[in-house]
Amino acid sequence: MSAPRGNRTAPGAGYRTARGAGDTSRGLIVLLCIFLVLIVGIVLFSGRLVPSIASATPEANILALLVIIGLPSALLVIVAVQFARLFHQRAHRLPGAGLKLRLTAFFMLVAMLAAGPQLALAVTFINSAMGTWFQTSTGDALRAASKVTIDTWQEKLDNLRAFGEGAHVAGLASDFAAAPDRAWKAVQGWNRGIAAVQLFASDGRELAFRGDERARVSNPLRLLAALEGVQPREDLGDVSVLRAVRRVVVPRLGRPVTVVFSSVVSKELDLSARTFTESLTIFSQVERYGRAYQFVLLGFFLLVSLPIF
């Protein structure tokens with residue numbers, strides 16, 4: 001007596017079923033890995049983009065924007081190609097095309113319903129953040145602060161240059177050689193911006209010094225060989241020293257001398273000037289490309305939210 005026909009299966013059907021299930025699992029794993037790599041790459045790239053704006057050239061920023069726009073565009077092209085292929089299969093009435101189309105529409109609807117509130121929140125947050133952080137008053141404040149610090153530096157340089165080039169230097173050098181304390185009090189009464197005065201003979205020997213000890217010249221031979229006028233800034237610990245060199249003849253001594261006028265500037269002023277300048281550079285760059293960044297962030301959000309590749 002033969003076995004019931006209803007329990008028979010076609011040869012190899014179980015193998016094909018198991019193989020199809022394995023292919024589907026591997027496909028899902030590959031898709032998940034691609035999605036995770038994409039997310040990590042976007043986060044790392046965007047995290048390094050804004051801090052590098054200050055040191056980047058406009059050409060580099062434009063290239064970065066092109067790369068940022070290129071990735072969502074590539075994803076969009078892939079999505080469009082998959083849709084075109086799906087509609088082509090549906091038009092030729094291939095088996096399973098209608099089911100794929102309905103599943104795609106279903107997943108699109110679910111993704112849009114899930115991403116809708118997040119998209120609204122993202123748009124609101126981005127617009128509020130960009131509008132608050134990069135409003136006009138913030139830029140004006142940075143520009144004003146940067147101008148104040150730079151003008152302070154320039155004022156000290158101009159004051160030192162004008163004092164060192166004045167016609168009174170020859171008489172001051174003569175008085176300073178004869179009575180340093182009295183001459184120093186006179187200097188302080190004329191110009192409070194002068195922190196120290198130092199007098200050297202032509203052979204580099206120090207004749208007199210009064211003022212801030214931090215401004216004392218430790219290597220006079222270098223200044224004796226330098227040209228007259230304002231010298232390059234010298235950083236000493238927590239201060240920066242500006243110097244002006246002037247060579248005059250003192251009749252009382254019967255030989256030429258070198259007079260060094262110094263101004264001491266706190267490193268905080270230098271640090272503030274540098275910080276304001278860098279902040280203003282970053283602000284200007286982001287302000288210039290701010291609208292593009294908003295569209296790029298929204299594009300990333302939309303494309304990553306869709307479970308379609």
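Residue count for segment 100-126, restricted to those that are without any contact (Cβ under 8 Å) to a residue 24 or more places away in the chain and of a type in the set (S, T, N, Q): 1. Looking across segment 126-165 at every residue that is among the charged types (D, E, K, R) and modelled with pLDDT of 85 or more, the one that is nearest to Gln231 (Cα to Cα) is identified as Arg161. Among the residues making up segment 224-249, those that are over 19 Å from Trp184 (Cβ atoms) and either touching a residue at least 60 places away in the same chain (Cβ under 8 Å) or touching a Gly at 6+ places or on another chain (Cβ under 9 Å) (or both) are Leu224, Glu228, Gly229, Val230, Val249.
Restrict the check to segment 185-207 and report whether at least one residue is part of a helix (DSSP H, G or I) and under 30 Å from Thr277 (Cβ atoms). So far as segment 185-207 goes, no, none of its residues is part of a helix (DSSP H, G or I) and under 30 Å from Thr277 (Cβ atoms). In the set Leu253, Leu207, only one residue is within 22 Å of Ser174 (Cα to Cα), modelled with pLDDT under 80 and surrounded by 13 or more Cβ atoms within 10 Å (Cβ to Cβ); that residue is Leu253.
The values are calculated or read from the model by the stated rules, or taken from the named source; none is laboratory data. None of the values given here were measured: they were computed from a predicted structure. Using ideal geometry, Cβ is built from the backbone for each residue, glycine included, and neighbour counts are taken over all protein chains shown.
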